[in-house]
Amino acid sequence: MVNTGQLPASFTDDDLAAVHRALVDSVAGPQKVRFADGREVTYRTADELLGVQRLIQQQLQQNRRTGGIFARSTRATFVRD
């Protein structure tokens with residue numbers, strides 16, 4: 001399971017590349033990944049890296065399908081004078 005608490009709210013292609021590089025190097029032990037927003041996360045296992053890689057890929061695919069626009073709902077209350 002991926003700890004999403006330390007991850008950026010959105011990802012870039014560079015983030016995906018950084019995770020891929022760390023995954024390749026993970027045979028040497030824990031890997032640190034610095035994301036585009038400056039956050040740095042240490043992944044202890046290849047499974048953790050694979051999980052975050054899937055998460056990033058899914059978000060990037062969704063962003064490309066929607067043109068990067070996120071649906072947002074707002075609740076407002078109106079009072080008549």
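The values are calculated or read from the model by the stated rules, or taken from the named source; none is laboratory data. What you see is a predicted model, and the numbers here were worked out from it, not measured in a lab. Cβ atoms come from the backbone with ideal geometry, glycine included; neighbour counts cover every protein chain shown.
Quick look at the values:
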{"item": "Lone unmet requirement of (1) in a strand (DSSP E or B); (2) in contact with a Pro (Cβ under 9 Å, 6 or more places away or on another chain) for A36", "result": "(1)"}
{"item": "Residue ID - nearest to Q61 (Cα to Cα), chosen from residues in the stretch 1-33 that are at pLDDT 80 or above and surrounded by 18 or more Cβ atoms within 10 Å (Cβ to Cβ)", "result": "F11"}
